[in-house]
């Protein structure tokens, strides 16, 4: 009986250590925290929410999986930092690091046109569903232009 209790305690301790090591140390996720009664639990399950979806069991990638991960555009020093390409219909979050408002406005009317608030503000829009190159600009600052490649 004593051997079973000791073996169970060792197994439980190893499980906690393994789960705690799965977290991302830079964000504090995955670290052990005391729970009621003095035992340890982990937050490793929370860290998986930012991971991209697993491939489908059929082995083929679906359009839904490609568009479920959000692409990012950053505005910094009055310039756009744009990914090399995005998928048709993919969500794109634009974050503005400057201390003034900017826009992300398609040169072709009606595709996308959002004001992105200053000092870390962000907006999310959906990429066009047709592959191609889409020029855009900031309506407030004539020198700000870039191109979104949808493929």
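All of the numbers you see were taken from the coordinates with simple rules; none came from a lab. From a predicted model like this one, the values you see are computed outputs, not experimental measurements. Quick reminder, even Gly has a Cβ in these numbers, built from the backbone with ideal geometry, and neighbours come from all protein chains shown.
Looking at the range 66-150, the pairs of alpha carbons with a distance over 21 Å make up 19% of the total. Peptides 113-125, 94-106 ranked from most to least packed give 94-106, 113-125, packing being the mean of other C-beta atoms within 10 angstrom over each peptide's residues. Computed from the Cβ-Cβ distance with R0 of 30 Å, the FRET efficiency linking residue 74 to residue 129 stands at 0.80. Using 0.36 nm per residue and subtracting the Cα-Cα separation, the extra length available between residue 97 and residue 143 on full extension is 14.9 nm.
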